[in-house]
Amino acid sequence: MANYKAHMALGLLLWIFFAFSFLELSFESLPLASASFFVALLGSVLPDTDTPKSKIGRFLQYGVFFFAFFISFSTFYSKDALYQSFFKSGVVAGIIFIVFVLLRPGHRGITHSLKVNVVYGLGVFVWLFPSFGMVTAGYIAFLGAACYFSHLVLDEQIKF
């Protein structure tokens, strides 16, 4: 069983591999780099959101709403007016707060399953598709799912 540092390190290694193999990152692609980095690191620690004893679980209790608002605002702001961006970001942040804090499952429960791994990948795809297009969003979604799966492998807790 690995700690959060091992999960994040493997997520970072997967991000580096994907970023330079498939995403062709450069200095001009800062939104793509930051979105893919966020997706990779989040995917590598997300299964442990089910316990407030983990660092991500504690962070989730206090910072998920603001972090989700900031990330979604940065995505929506480029396409929408300011008030629309605030509204959409608030909705996204509220849904994430409800799902991951108020409806938190038991430790090593559903968050350590392949079903949630697939849901995470699909969620990333749906979230990034409008901004990056189908192919790039697909690569980033696959990266997120791979990082999520790496967490399950390190924990030796893969459920179906």
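Data table
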| quantity | calculated |
| --- | --- |
| I110 versus E24: modelled label distance in nm, points set 7 Å from Cα along the beta carbon direction | 4.0 |
| Footprinting exposure proxy for S89, S21, S54 (fewest neighbouring C-beta atoms within 10 Å first) | S21, S54, S89 |
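Quick note: the coordinates plus some simple rules give every number you see, no bench work behind them. Just so you know, these numbers come straight off a predicted model, no measurement behind them. Using ideal geometry, Cβ is built from the backbone for each residue, glycine included, and neighbour counts are taken over all protein chains shown.
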